[in-house]
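The values are calculated or read from the model by the stated rules, or taken from the named source; none is laboratory data. The shown structure was predicted, so the numbers you read here are calculated from the model rather than taken from an experiment. Note that we place each Cβ from the backbone using ideal geometry, even for glycine, and neighbour counts take in every protein chain shown. What goes into the accessible areas is simple: the full protein's heavy atoms, side chains included, and nothing from ligands, DNA or RNA. Shrake-Rupley method; radii C 1.70, N 1.55, O 1.52, S 1.80 Å.
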Amino acid sequence: MRASLIVVLAVFTACALACSAKITPQTVLLPATSEHAALEIQYAEYGRRSGPLILALHGFTDSWYSFELLMQQYHSAHIVAMTLPCYGTSTKDATVAADVDKMGRVVMQFIDKMRLGAIDVVMGHSMSTVLATRLAQLHPDVFGGVVLMGSFAYMNEDLKGAFNAIAADVVAQNLGDDGHFGHDYCWTWQTGTTNMELVPEWFLEGCTQQAMMVPGKCWLAGVQYLTTVNITDILPLVTRPVLIVYGDGDFIAPANGGIETMFEGLPNMNIVKLHGLGHAPHWEAPDEVAFAVDQFVDTIAHTQDDQ
């Protein structure tokens, strides 16, 4: 009995260590193009390389770190989380960050540079839901499916006003191009749209630190991106299956008439609504999100096998 208990404890300890393994970000240099100078891109990866490949794209002021809790749910899949230009330690190119199509071309550069090949699922949170959708529409040969979290297809005037207030704060605090908001501002920003009771404080602090790394010009670029983009016209052109995961406490979807209304143009849409969650379900319930994504990936694989 004692020997059996020791074995069980040893297995449990090994699993706990594996599940809490530290994820270390890396960088890759993308060559200059006609649209941008050379870009240093931060990224992190986790999981089994032989498993399904998920490319994760973060929200406004976040970085790869936004996906750390979710990444540690995976051991059979391979997740690559990219930090987009202007965020984290990636090159602060505000011209790229203000334009969804320029961002998309940088993502395709990253995929090519990393030799990732075909991506089973491109996953976008918040700001990057429009980016992920656009990528799937333009490159159906690269992306097998799309997962959207905290998603929107456009912003109504009320939401535009809220984000334009951020731009006004950049001016009011004289951040200029390279100044940064302080801890209190970034903490309020990062915690204001999520159910804080469900998210570890240490993780929210890490997200706050990521936002503090974003200079004024990149806050302005992000606001421009968010308040001008509208992908409703391209939705009927997205041929790949799309999974939308959202919390019933998310403020963005109801403000725009609801998920079903915003994305009614998608020909192959699946929706998972999670009770009690806000704008960042992968922070608040990473296990539930991982389960939903796993089922979606399996469905895609079975569909492809039947074709």
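Does SER76 qualify as being closer than 20 Å to THR208 by Cβ and among the small types (Gly, Ala, Ser)? No: the conditions fail for SER76.
Beta carbons closer than 7 Å, at least 6 apart along the sequence or on distinct chains, pair a first residue in segment 255-268 that is at pLDDT 80 or above and assigned to a loop (DSSP other than H, G, I, E, B) with a second that is open to solvent by 10 Å² or more (accessible area, probe 1.4 Å) and not hydroxyl-bearing (Ser, Thr, Tyr) for PHE263/MET269; GLY265/PRO236; PRO267/PRO236; ASN268/PRO241.
Figure legend. Inter-residue proximity from segment 140-154: first residues under 10 Å from ARG240 (Cβ atoms), second residues basic (Lys, Arg), beta-carbon distance below 9 Å, spacing 6+ or different chains. Indicated pairs: PRO140/ARG240; PHE143/ARG240; GLY144/ARG240; GLY145/ARG240; VAL146/ARG240. Applying the criterion of being closer than 26 Å to ASP120 by Cβ and in contact with a Leu (Cβ under 7 Å, 6 or more places away or on another chain) to the residues of segment 23-54, the residue that is surrounded by the most Cβ atoms within 10 Å (Cβ to Cβ) is ILE41. Of all residues in segment 194-211, those that are in contact (Cβ under 8 Å) with a residue 60 or more places away in the chain and farther than 21 Å from HIS180 by Cα have Cβ atoms under 9 Å from Cβ atoms of residues that are open to solvent by 10 Å² or more (accessible area, probe 1.4 Å) and among the polar types (S, T, N, Q), 6 or more apart or on another chain, in VAL199/THR191.
Restricting attention to segment 257-274, does a residue exist that is open to solvent by less than 30 Å² (accessible area, probe 1.4 Å) and farther than 23 Å from LYS160 by Cα? Within segment 257-274 (the criterion being open to solvent by less than 30 Å² (accessible area, probe 1.4 Å) and farther than 23 Å from LYS160 by Cα), the answer is yes, since at least one residue qualifies. For segment 187-220, a tally of residues being among the acidic types (Asp, Glu) and open to solvent by 70 Å² or more (accessible area, probe 1.4 Å) returns 2.
Among the residues of segment 242-254, how many are assigned to a loop (DSSP other than H, G, I, E, B) and either touching a helix residue (DSSP H, G or I) at 6+ places or on another chain (Cβ under 6 Å) or open to solvent by less than 10 Å² (accessible area, probe 1.4 Å) (or both)? Here the count works out to 1. The single condition among (1) surrounded by 24 or more Cβ atoms within 10 Å (Cβ to Cβ); (2) without any contact (Cβ under 8 Å) to a residue 12 or more places away in the chain that ARG115 does not satisfy is (1). Could you count how many residues in segment 156-181 are surrounded by 16 or more Cβ atoms within 10 Å (Cβ to Cβ) and assigned to a loop (DSSP other than H, G, I, E, B)? Looking only at that region, the number is 2. Regarding segment 42-52, can at least one residue be identified that is touching a helix residue (DSSP H, G or I) at 6+ places or on another chain (Cβ under 7 Å), over 23 Å from ALA285 (Cα atoms) and of a type outside the set (Lys, Arg)? Yes: segment 42-52 contains one or more residues that are touching a helix residue (DSSP H, G or I) at 6+ places or on another chain (Cβ under 7 Å), over 23 Å from ALA285 (Cα atoms) and of a type outside the set (Lys, Arg). The set of residues from segment 120-139 being open to solvent by 10 Å² or more (accessible area, probe 1.4 Å) and free of Cβ contacts under 8 Å to residues at least 40 places away in the same chain comprises LEU138, HIS139.
Here ASP184 does not fit the description of being in a loop (DSSP other than H, G, I, E, B) and either open to solvent by less than 20 Å² (accessible area, probe 1.4 Å) or of a type in the set (D, E, K, R) (or both).
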